[in-house]
1. Using Cα pairs under 8 angstrom and six or more residues apart, how large is the relative contact order of the chain, in percent?
2. Per DSSP H run of at least 4 residues, take -39500 (n - 2.57); add these up for the chain, divide by its residues and hand me the 222 nm value, nearest 500 deg cm²/dmol.
3. Give the residue from 186, 196, 245 lying farthest towards the positive end of the charge dipole for the range 163-293; charges sit on Cβ (+1 for Lys and Arg, -1 for Asp and Glu) and the dipole is referred to the Cα centre.
4. For the range 163-293, what is the number of Lys pairs with C-alpha distance below 29 angstrom, counting only pairs 8 or more positions apart or on separate chains?
5. What shape does the range 163-293 have by the C-alpha gyration tensor, where a ≥ b ≥ c are the square roots of the eigenvalues, rounded means a/c under 1.5, and otherwise prolate means a/b greater than b/c and oblate the rest?
6. Near residue 74, which aspartates and glutamates are there with a Cα under 12 Å away, not counting those fewer than 8 places off in the same chain?
7. Full extension from residue 142 to residue 238: what is 0.36 nm times the residue separation minus their Cα-Cα distance, to one decimal in nm?
8. Straight distance only, please: which lysines reach the Cα of residue 146 with their own Cα at less than 28 Å, same-chain residues fewer than 8 apart left out?
Amino acid sequence: MKKGVLLVNLGTPDKPEVKEIRHFLKYFLADQRVVAMPKAVWLPILYGPILMTRPKKVRAAYRKIWTSAGSPLKVYMQQQVAQLQAELPDYQVFEAMSYSQPFLTDVLGTIQAAGIDDLTIVPMYPQYSTTTTMSIYDVVAKFYLKQANMPTLHFVKDFYQHTGYIDLLVTAIEQKLQTQSYDEIILSYHGIPQSYVTKGDPYQAQCVATTAQLQARLPEQTFRTTYQSKFGPNEWLTPATSDTMKTLAQEGVKKILVLTPGFVADCLETIEEIDVENRAYFMDNQGEQFDYIHPFNADSRFTDLLVQIVRDR
């Protein structure tokens with residue numbers, strides 16, 4: 001039996017330039033799992049004001065986070081895949097992105113051609129959402145709908161309750177607490193529209209459950225859940241991270257530790273939005289100390305967690 005593992009993340013522009021950012025956003029924001037509006041209403045907006053203006057607005061931010069090796073998200077994904085391959089010699093490990101190279105559909109074709117009999121698909125999102133994990137499932141289902149044969153599939157819906165995942169977050173927090181005390185620990189999760197939760201998306205409940213698990217493991221600390229990256233005029237999950245950062249000091253919360261538990265690798269939303277923009281919001285509003293714990297990135301302990309997840313299938 002030929003066994004495979006497929007890690008899937010969201011994607012990234014190929015370059016920090018307007019053309020490449022526009023190309024990425026075109027794929028990303030056209031997905032109806034991401035923006036659940038009728039195409040007749042949404043596509044004119046997307047191909048009009050959004051794709052004409054937003055790439056120029058975010059280009060500077062992408063340029064700030066870019067490395068000599070490329071996009072941080074892609075660089076860390078490649079490292080995660082290489083490390084996992086080294087730990088799973090009896091598997092063939094693949095990487096794919098939902099909205100950029102290597103595209104998920106193309107990689108599934110490669111997997112099919114390789115004769116993989118048993119495939120474990122791991123969306124790189126600890127908490128499930130229809131906007132992320134379900135979007136990956138859609139592509140997988142559509143691909144195999146057109147095939148005469150398919151491998152045995154193991155699809156990892158989420159891993160927010162996995163002991164190894166919580167252990168990693170607790171360890172990172174405890175390391176900080178050895179040298180510094182904080183008034184609060186802020187857990188910033190990527191937001192989604194409130195309407196998705198109303199329709200049954202369990203994402204918010206899983207975020208809250210993640211926070212509760214950390215609170216239970218570190219009962220002497222005070223945790224707060226917030227949501228970042230709001231896009232568009234619709235109501236999103238609250239409280240917003242950016243709004244919270246502007247008012248914390250007024251509540252007497254002047255020393256904070258910030259984590260982004262929904263991200264497993266650094267990207268624009270973690271580096272620029274949290275460690276630059278939100279740090280500034282906090283410090284400009286009488287905050288005194290802002291410490292940030294980056295995602296797992298290429299930490300070998302995260303690779304160990306992925307091994308556990310794959311072996312448990």
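1. Reported as a whole number, the value is 21 percent.
2. Helix contribution divided over all residues of the chain: -13000 deg cm²/dmol.
3. Farthest along the dipole direction, towards plus: 196.
4. Close lysine pairs under the 29 Å cut-off: 10.
5. oblate
6. Reachable aspartates and glutamates: 14, 95, 266.
7. Additional length available on full extension: 31.2 nm.
8. The reachable lysines, counting only those whose Cα sits under 28 Å from residue 146, are 2, 3, 26, 39, 157.
Bear in mind that the values in this text are calculations on the coordinates, not laboratory data. Every value quoted in this text rests on a predicted model; they were computed, and no experiment measured them. Cβ atoms come from the backbone with ideal geometry, glycine included; neighbour counts cover every protein chain shown.
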